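Since the structure comes first, as structure tokens, the remarks are kept for the end.
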Amino acid sequence: MKTCQGLTNRAIADRLLLSEKTVRNHVSNIFSKLQVADRAEAIVRARDAGLGN
């Protein structure tokens, strides 16, 4: 499975059988812990840490 797919909250929710709101809450918590404002910043942080493609 490819690690960086750029999925929407809806697509993630569908794959994990969760509500979109649950995914949105988890994503928000991840952003907070990483101290980033959005997915683009989170991607940069992950790549700087050696994660992803």
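Quick notes on this structure:
- Test item: Cα-centred dipole of the chain, Lys/Arg +1 and Asp/Glu -1 on Cβ, debye: 80
- Modelled label positions at Leu18 and Ile30, each set 7 Å beyond Cα in the direction of Cβ, lie 0.8 nm from each other.
- Using R0 = 30 Å, the C-beta based FRET efficiency linking Arg45 and Thr8 works out to 0.90.
- Of the whole protein surface, Arg47 contributes about 130 Å² of accessible area at a 1.4 Å probe radius.
- The chain, helix-only ellipticity at 222 nm - DSSP H runs n ≥ 4, -39,500 (n - 2.57), divided by all residues, nearest 500: -19000 deg cm²/dmol
- Relative contact order [Cα under 8 Å, 6+ residues apart], the chain, whole percent: 30
The values are calculated or read from the model by the stated rules, or taken from the named source; none is laboratory data. In this text the structure is predicted, and so the values were computed from the model without any measurement. Note that we place each Cβ from the backbone using ideal geometry, even for glycine, and neighbour counts take in every protein chain shown. SASA here: full protein model, heavy atoms, side chains in, ligands and nucleic acids out. Shrake-Rupley method; radii C 1.70, N 1.55, O 1.52, S 1.80 Å.
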